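Student: Below you'll find the structure I mean.
The values are calculated or read from the model by the stated rules, or taken from the named source; none is laboratory data. Treat the numbers as computed from the prediction; the structure is a model and nothing was measured. When we count neighbours, we look across all protein chains shown, and the Cβ atoms used for this are built from the backbone with ideal geometry, even at glycine. Protein only, heavy atoms only, side chains kept; ligands, DNA and RNA dropped before computing areas. Shrake-Rupley method; radii C 1.70, N 1.55, O 1.52, S 1.80 Å.
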Amino acid sequence: MIPEDQDAVVQFHGHFCPGLAIGVCAAELALREIGPRAADEEVVAIVESDMCGVDAIQFMTGCTFGKGNLIHLDYGKNAFTFIRCSDGKAIRLVLRPQSWGNENDESREMAARTQNVEEGSREDEFSEDLFRKRGQAILALPLEQLFEVQAVESRIPGRARVRESIQCEACGEMVMETRVRLLGGRKLCIPCFEAGERRL
Ligand SMILES: [Zn+2]
Ligand SMILES: [Zn+2]
């Protein structure tokens, strides 16, 4: 990836980190295998975690939450599926275990611990410098060494479309029908459902 692009994606995310580097690499692979930025909805991305790298995917591929062509599955995996709607070509990229750790145990452990680091939770023992070096090392790896590329069926869960909203019978707020939960015969939004369940 060219340096200016990298600056832009770092600016978008707010910092450079190993997670962002993973996302940059996933987006590069997607652009190579699936095609250019999604102008509208012709490319759909399914991300299986909400880690830093998802920002790179949104920025570089044009698949965004707002457009509805970015879907988050809360599986906690560094796995990214890209689907080209025109012909149904789909690939799933799975970060290989330890694909980006060095041979020595210390850096491998560091790799495992920084991989899913959340904003603000970065541990002090990992200096900024180490963090940045780790990110640069990821960017320097051949994409296929970093990711296993799987050909998958192009099943798109919960495509963006207009859903009916109904009123939660507890708080009165409108909620998408697919998010309604039933509790004792009442139609509730998720927070009200969870509050009701705790009282049971
Ligand atoms: Zn980050
Ligand atoms: Zn409610």
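Student: Efficiency by 1/(1 + (r/R0)^6): what FRET value for Asp87 and Arg198, r their Cβ-Cβ distance, R0 = 45 Å, to the nearest 0.05?
Tutor: Approximately 0.40, to the nearest 0.05.
Student: Right, something else. Arrange the residues Asp50, Asp55 by how much accessible surface each exposes, largest first, with a 1.4 angstrom probe.
Tutor: Ranked from most to least accessible, the order is Asp50, Asp55.
Student: Right, next: Evaluate E = 1/(1 + (r/R0)^6) for His15 and Glu148, where r is the Cβ-Cβ distance and R0 equals 22 Å; express this FRET efficiency to the nearest 0.05.
Tutor: That gives a FRET efficiency of 0.20.
Student: How far, in nm, would the chain grow between Gln6 and Glu169 when pulled straight, counting 0.36 nm per residue and subtracting the alpha carbon separation?
Tutor: 53.9 nm
Student: Another one. How many nm separate the modelled label positions at Arg186 and Arg155, each set 7 Å beyond the Cα in the direction of the Cβ?
Tutor: 3.5 nm
Student: Which whole-Hz couplings ³J(HN,Hα) result when phi for each residue of the range 42-50 is put into the Karplus expression 6.51 cos²θ - 1.76 cosθ + 1.60, θ = phi - 60°, listed in order with x for Gly and Pro?
Tutor: 6, 10, 10, 10, 10, 10, 9, 7, 10
Student: By per-residue mean of other Cβ atoms within 10 Å, what is the highest-first order of 128-140, 165-177?
Tutor: For the peptides 128-140, 165-177, the packing ranking is 128-140, 165-177.
Student: With the cut-off at 30 Å, tell me which of the pairs Lys67/Lys133; Lys67/Lys89; Lys89/Lys133 have Cα atoms farther apart than that.
Tutor: Too far apart for the 30 Å limit: Lys67/Lys133; Lys89/Lys133.
Student: Shifting gears a bit: Roughly how many percent of the accessible protein surface of the range 50-92 is carbon and sulfur, given a 1.4 Å probe and a whole-percent answer?
Tutor: 50 percent
Student: Per-residue HN-Hα couplings for the range 145-154, Karplus 6.51 cos²θ - 1.76 cosθ + 1.60 at θ = phi - 60°, whole Hz, x for Gly and Pro?
Tutor: 7, 7, 10, 7, 9, 9, 7, 10, 6, 8
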